[in-house]
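The values are calculated or read from the model by the stated rules, or taken from the named source; none is laboratory data. Given the structure is predicted, the values throughout are model-derived calculations rather than measurements. All Cβ positions, glycine included, derive from the backbone under ideal geometry; neighbour counts span all protein chains shown. Ligands, DNA and RNA are excluded from the accessible area calculation, which covers all protein heavy atoms including side chains. Shrake-Rupley method; radii C 1.70, N 1.55, O 1.52, S 1.80 Å.
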Amino acid sequence: MKKGEIYEGTIGKFDFPDKGVIELPEGKIAVKHSLPGQKVRVMINKKRGGKCEGRILEMLERSPLETAENPCPHFGNCGGCTYQTIPYEEQLKIKEQQVKALLDGVCEDYEFEGIKGSPMEDRYRNKMEFSFGDEYKDGPLALGMHKRGSFYDVVTTEDCRIVHPDFCCILKGVKEYFEVRGIGFYKKMQHTGYLRHLLVRRAVKTGEILVDLVTTTQEDLDLKPFADMLLGLELEGKIVGILHTFNDSLADVVKSDRTDILYGQDFFYEELLGLKFKISPFSFFQTNSLGAEVLYEKTREYVGETKDKVVFDLYSGTGTIAQIVAPVAKKVVGVEIVEEAVEAARENVKVNGLENCEFIAGDVLKVIGNLEDKPDLIILDPPRDGIHPKALGAIIDFGVDRMVYVSCKPTSLVRDLVVLQERGYKVERVCCVDMFPSTANCEVCCLLEKV
């Protein structure tokens, strides 16, 4: 097999998150964004160490699993929602099997509790980062998600099914506003242009909406009419803040060099499990609010008895987990690298009347050795890449009897579990929680106890 060659075959083995495998007499081809049972025509686009990856050129036959009706009109073109043509119960079975296969490769004699579904299958996301661009070179302005397999092309997703209709209304209004005025988007190769991203966050419980326009500093526009346009939209929820973030970095990420408030405030409130949380534009908060309640109920169950115990919540975000376990703990110490998330967490504990929570801003790797308290129990909720090896070693050195690891990327969890087990911890219970219907991802909650 050589790069550039074209083959046809049926997806058989299917690995997390959505990588299928075609087995042919000539060899195996890994195919991203595929589904088991699909017959596809692929072109070899990578070959390293004897392993081949193929890009789908044409779908010859659909998978027998693809029986869901009325998929999103952007399906297949937009880069998200690989599983949308599969009924939700089948999606859950696929995720459950994939995660268990990963865990079985590194763990023995543990209780696997299966997968819990999301309370909402559609319209569940509370945050979207839309990109400005064009659907093809020199085409009209687009605002939405990147085209599948493309770093440059953007699909206008004004009928997206995984967000509340308010998101789509805002997206459409913003696109039309700048289109009429002939305002261009930032071109990544030339480093020229103005419009970069549109960040929208909407609370499920409160209906509060935060809108943040992310641009370069290459133009100086009066954005008051823009804010007035947004406030004039007919929405089910309520816009409580409109922001303008300046970002001149070369990286194609949503970040802030400076953020101005065009209207209202730079935060909104969401509610989880009877607690209230203040969320700022860039602080981490689970993107599926109702699914987060399922996940955190399971986390609280795994944490168990916390009376008179000191709990460390590492990678604590806005302090959600910390505050859920705080009412019956002696003390909870949260560590989070994003300073604005820490500030929000400190305000959240005041709103919720909790006096036994302390939040520290800093990298877990750098901070953990200087903490005055010694934990009886540790909760881990790291970013997608998992825990830095040195930080993981320092965490293990505390020698706590019980840890609860909440993971948004099962492959990172499995890598860290190898180290945890080598250093004397046993995986006791594992439960998956689907926070991302129609996509290939899910959360995993894992209970470990010291042998």
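List of remarks:
- For the criterion of being open to solvent by less than 20 Å² (accessible area, probe 1.4 Å) and either within 16 Å of Ala341 (Cβ to Cβ) or not aliphatic (A, V, I, L, M) (or both), Pro281 passes.
- Any hit, the range 132-140, residues being under 27 Å from Leu92 (Cβ atoms) and outside any strand (DSSP E or B): no
- Screening the range 165-174 for residues that are open to solvent by less than 30 Å² (accessible area, probe 1.4 Å) and either in a loop (DSSP other than H, G, I, E, B) or not hydrophobic (A, V, I, L, M, F, W, C) (or both) and picking the one that is farthest from Pro73 (Cα to Cα) gives Gly173.
- Residues that are in contact with a helix residue (DSSP H, G or I) (Cβ under 8 Å, 6 or more places away or on another chain), part of a loop (DSSP other than H, G, I, E, B) and either open to solvent by less than 20 Å² (accessible area, probe 1.4 Å) or at positive phi (or both), drawn from the range 302-329: Thr306, Tyr315, Ser316, Gly317, Thr318, Gly319
- Test result for Ile239, buried (at least 17 other Cβ atoms within 10 Å of the Cβ) and either within 26 Å of Pro382 (Cβ to Cβ) or in contact (Cβ under 8 Å) with a residue 12 or more places away in the chain (or both): yes
- Phe282 vs. criteria of a type outside the set (S, T, N, Q), in a loop (DSSP other than H, G, I, E, B) and under 30 Å from Asp257 (Cβ atoms): yes
- Within the range 245-261, residues that are without any contact (Cβ under 8 Å) to a residue 12 or more places away in the chain and open to solvent by less than 80 Å² (accessible area, probe 1.4 Å) have Cβ atoms under 8 Å from residues that are in a loop (DSSP other than H, G, I, E, B) and not basic (Lys, Arg) in these pairs: Ser249/Asp257, counting only partners at least 6 apart in sequence or on another chain.
- Screening the range 330-358 for residues that are open to solvent by 10 Å² or more (accessible area, probe 1.4 Å) and assigned to a strand (DSSP E or B) and picking the one that is nearest to Phe282 (Cα to Cα) gives Glu336.
- Note on the range 104-149: residues that are of a type in the set (Val, Ile, Thr) and closer than 19 Å to Val254 by Cβ amount to 0.
- Of all the criteria given as (1) closer than 19 Å to Phe268 by Cα; (2) among the charged types (D, E, K, R); (3) in contact (Cβ under 8 Å) with a residue 60 or more places away in the chain, the one not satisfied by Lys298 is (1).
- Output for the range 195-229, where each listed residue is assigned to a strand (DSSP E or B), open to solvent by less than 40 Å² (accessible area, probe 1.4 Å) and of a type outside the set (Val, Ile, Thr): Leu195, Arg196, His197, Leu198, Leu199, Arg201, Arg202, Leu210, Asp212, Leu213
- Hey, Cys81 surrounded by 17 or more Cβ atoms within 10 Å (Cβ to Cβ), of a type in the set (A, V, I, L, M, F, W, C), part of a loop (DSSP other than H, G, I, E, B) and within 19 Å of the chain's Cα centre (by Cα) or not: yes
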